[in-house]
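Accompanying notes for the structure given below.
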Amino acid sequence: MRDVQPGSPLPTLASGIPGLDHVTGGGLPQGEVTLLAGTTGTGKSVMAAQFLVSGVTDAAQAGVFVTTEERPEKIRRVLGTLGWDVRAWEAQGRWAFVDASAGAHPETVLGDELDLSPLITRIGRAVERIGAKRVVIDSLSHLFARLGDRPSVRAELHRLIGSLEDLDVTAIVTVERDHEYDGVGRFGVEEFVADNILILRNVFENERRRRTIEPLKFRGTPHRCGEFPFVILADRGVAIVALSELQLAYSAPEERLSFSNPGIDAMLGGGPLRGSAILVSGPTGTGKSLLGLEFLAGAGEGERGLLVNFEESGEQVARNARHWGYDLDALQSAGRLRVMCQYPESTPIANHLVAIQHALDEFRPTRVVVDSLSAVERGASPRAFFEFLLGLSTLLKAHSTTGLFTTTTQSLLGGPSATGVEASTLLDTIVLLRYVEVYGELRKGIAVLKMRGSNHERIIREFIITDHGADIGEPFRTTTGILAGTPLELIGPEKERVEALFTGSPSRTGPDHLEMDLTTPAEGWRNP
Amino acid sequence: MTVTGYSFRLYLAGGTARAMQAEAQLRHLCETRLPEGFELEVLDVTDHPDRAEEDRVLVTPTVIRLSPPPARRVLGSLSDEHRVGLALGLPAVEEPPGDRSRDHA
């Protein structure tokens, strides 16, 4: 163990794995060994390899990969599929394998006193030969299994780990586990590397796989606690989705944006605030996607929009948009818009968040529309969905990007709650769309349920979809119960009293959920 | 190549007493079981690091049976002659000439 001056922070090495350094409290402890534990298929080998790869590509640090199970040739092939040309690095003296794997031939281990010096020496020579600063052993458990649980083996493995620290390298050692939530490693191997432990899990929940990483302990550094979702991407390896990675102390801009429809802006007190998250909630067919388009279309000079569509194909989206007079193809060609169409069921939900993150980093849109959240919610556990929403809203806020998300309510006439209670706290503005049955006609209503940081209209207006987009019409002054899903028309003196309910007396409505009880008709009312 | 065709490579760690003992044990075993002769190459891992790398040696002593095929290895202690003999697939002790039915290879 290294000597540390009291009071000074331990030096860390940037791991190069996106999101990992945030979770560990700032990289991996430099000059020390970090244990990476996980059951089969959790991604330990990829992550460990990626640590070395990043050393070569990002930090000009050579790395030694000690493989105990797979042959180097197989590893070269697997890493090649992730886009990493290991063979080239070997030729350049930036990567070296130490092949500690068993051959195909029968092997017998005898006696109680094993001496691992040859392996320790081989690793030392490789490190010295290429001047490596990073070392990976994948996996320690396999070595332990091969040598057997003898008295000397634990001591020798301990010596092996100790030798890494003497080599002044930062190392990752992988360890097998048998259970996702029980103990650290098989054989209790964790006693060897007690100081820094990361646990990888691949848990099956809600018929979906969910990969998480947990920093169990990191000596001397304040690490985050709990499990963090991560993804393994085909072209880049592991990326940890650190939900609050970005500073939460972002300023709340005062600036307002516009929809292409001034009527909507008027309902929003002049327009949505930049950096806010807007939810548009309503039954199918009420025009949520159209509102999303009108939001994108309201983009000004120098603005860019990103449409993330989970419901339809790119062609369908473009066709619907053309129907309302929007030429998405032209906007995309001009670099003003990017359209991403994803199947929500195709990959774990965390992958979608990472894909959006990449689009934000590369394309830098000022406005993002996600259509719809319901499609994402369908394919995820409640926890995974909340993480997605949290990650998404955090990402957008950190980029001061204004977001509009659509969600489908289940009943055709809507109902009291726009969205789950938890999720609604992440949303600054909630716009409701509802069907209104008036004299045998099916019309639509739009209302702003809440808007943080601004005044907004408390009037339910008619929402008309034309062939040139949306029209915001007159208020439904004589109808009540629209948002509760049971529209009633008022006659007589009751009308004024009920109007007051809509124009927002504070005692009746809260900012985060709808509490109006309009389901019981009183005397003097009749159905329209 | 001898008539029997047995050939081995032994990796040791330095000129320690343990290393010398391991070599002696192996030689004795082979001389007993292979009276027609055998080949034994003894390498010190510190003197021949490239050879140790090539043969993927982890532990000393390591004995590799090179021929006849299939290759076999023994890692660790060579003091239990019976078990080492089995592991290396050597002919049994006191085998009557011509009778191969008790061959433990």
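Worth pointing out:
- Residue mean of other protein chain beta carbons inside 10 Å, B:54-65: 6
- Sum of side-chain charges, A:GLY111 neighbourhood, beta-carbon under 13 Å (Lys, Arg +1; Asp, Glu -1): -3
- For the range A:262-475, the spread of Cα positions along each principal axis, largest first, Å: 48, 38, 33
- For the range A:12-240, the gyration tensor built on C-alpha atoms gives a rounded shape. Its axis ratio a/c (a ≥ b ≥ c) stays under 1.5.
- For the pair the range A:306-350 / the range A:451-480, the C-alpha centres are spaced 26 Å from each other.
- Sequence ranges A:340-351, B:71-82, ranked by mean other-Cβ count within 10 angstrom, highest first: B:71-82, A:340-351
- Note on B:10-20: average number of Cβ atoms from other chains within 10 Å of each residue's Cβ is 1.
- Looking at the range B:7-88 alone, DSSP beta bridges between its own residues are antiparallel in about 60 percent of cases.
- Separation of the range A:128-188 from the range B:49-96 is 26 Å, based on Cα centroids.
- Peptide B:70-83 is shielded by partner chain Cβ atoms: per residue, an average of 5 of them sit within 10 Å of its Cβ.
- Among A:129-140, A:464-475, sorting by the average number of other beta carbon atoms lying within 10 angstrom of each residue, highest first, gives A:129-140, A:464-475.
- Environment charge of A:THR174, counting only residues whose C-beta is closer than 11 Å and scoring Lys/Arg +1, Asp/Glu -1: -1
Quick note: the coordinates plus some simple rules give every number you see, no bench work behind them. This structure is a prediction, so every number in the text was calculated from the model and none was measured. Please note: Cβ atoms are built from the backbone with ideal geometry, for glycine as well, and neighbour counts cover all protein chains shown.
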